[in-house]
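To keep things clear, I will list the structure first and then write my remarks on it.
Nothing in this text is a laboratory measurement; each read-out follows from the coordinates by a stated rule. Model, not experiment: these values are computed from the prediction. Here the Cβ is made from the backbone with ideal geometry for all residues, glycine too, and neighbour counts use every protein chain on show.
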Amino acid sequence: MNTLKKIQTRIYRAEQLYSEFSKEMLEDTRITLLLAEYQQAIYHTKSYFQNTEVVEACSRCAQTNEGSCCFEGMEDNYDHILLLINLLMGVNLPHERELNNHCLFVGNKGCKLLARYYFCVNYFCPALENTLGEQKMNQLSTVIGNEIFAGWELEQALRNWLRNKNY
Ligand code: SF4
Ligand code: SF4
């Protein structure tokens with residue numbers, strides 16, 4: 001199965017789980033609490049990025065198609081649970097590439113996902129690392145660490161929730 005077909009299959013699986021269980025999941029207090037905490041951590045990271053050179057540099061990359069680290073094949077890092085989390089956050093998952101030779105989830109305005117694989121949140125190219133400098137990089141690590149931990153907690157809770165449904 002090629003990479004695009006593989007991720008499309010996972011997207012359909014996530015959409016199926018969403019249509020079958022989202023109502024029940026969103027009535028579960030632990031799931032909603034973890035979802036809210038994860039969303040808050042994501043917005044915190046995003047606002048941190050806005051206040052540094054990250055957003056500007058990465059948007060420029062996405063628009064010029066030069067050197068972006070969102071290359072084709074990166075979508076393969078996403079499983080149905082992380083995709084389901086995006087659906088629970090109200091993200092519309094694309095089924096086709098907007099940009100040739102790039103990750104399925106990137107468009108002209110950058111990444112279309114909210115819940116992202118740790119590499120996507122944590123990776124800074126050497127040029128960007130140089131621009132940011134050591135102090136900002138250290139501050140970013142703490143903020144990003146909180147986001148990754150909040151995402152991990154929600155993923156575990158959803159896996160257990162589905163396991164209890166024999167899924
Ligand atoms: S991390 Fe670097 S290579 Fe990746 S999108 Fe941002 S500026 Fe471009
Ligand atoms: S940040 Fe988004 S668009 Fe870029 S590689 Fe990760 S999932 Fe794909």
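Modelled this way, with points 7 Å down the Cα-to-C-beta line, the labels at Phe71 and Lys109 are 2.7 nm from one another. Each Lys or Arg adds one and each Asp or Glu takes one away; over the other residues whose Cβ falls under 13 Å from the Cβ of Tyr123, this sums to 0.
Dipole of the chain computed with +1 at Lys/Arg Cβ and -1 at Asp/Glu Cβ about the Cα centre; of Tyr18, Leu128, Ser59, farthest Cα towards the positive end is Tyr18.
Separation of region 1-30 from region 93-165 is 18 Å, based on Cα centroids. Spin-label model, Asn101/Ser22: points 7 Å from Cα along the beta carbon direction are separated by 3.5 nm. Classification of region 1-73 by its C-alpha gyration tensor yields an oblate form. The axis ratio a/c (a ≥ b ≥ c) is 1.5 or more, and b/c is at least a/b. Length gained on full extension, Asp79 to Tyr43: 10.8 nm, using 0.36 nm per residue less the C-alpha separation. The Cys residues in the chain with no partner Cys Cβ within less than 4.7 Å of their Cβ are Cys58, Cys61, Cys69, Cys111, Cys120, Cys125.
Each residue of region 40-109 gets 100 Å³ once the volume of the Cα convex hull is shared out per residue. Near Arg97, once Lys and Arg are set to +1 and Asp and Glu to -1 for all other residues with Cβ below 12 Å from its Cβ, the sum equals -3. Between the amide H of Gly107 and those of Lys112, distances stay under 5 Å, these residues lying 5 or more places away or on another chain, with hydrogens modeled in the peptide plane.
Scaled against the 2.2 N^0.38 Å expected of a compact globular protein of N residues, the Cα radius of gyration of the chain reads 1.07.
Over region 17-140, Cα pairs under 8 Å with separation of 6+ residues give a relative contact order of 25 percent. Over the residues of the chain, the helix contribution to mean residue ellipticity at 222 nm works out to -22000 deg cm²/dmol, using -39500 (n - 2.57) for each DSSP H run of at least 4.
Students often get this wrong: which residues of region 44-75 have the backbone nitrogen under 20 Å from the point 7 angstrom along Cα-to-C-beta of Glu134? In region 44-75, the label zone of Glu134 (backbone N under 20 Å from the point 7 Å along Cα→Cβ) covers 53.
Once the Cα-Cα distance is subtracted from the 0.36 nm per residue extended length, the Tyr167 to Lys5 segment shows a gain of 56.1 nm.
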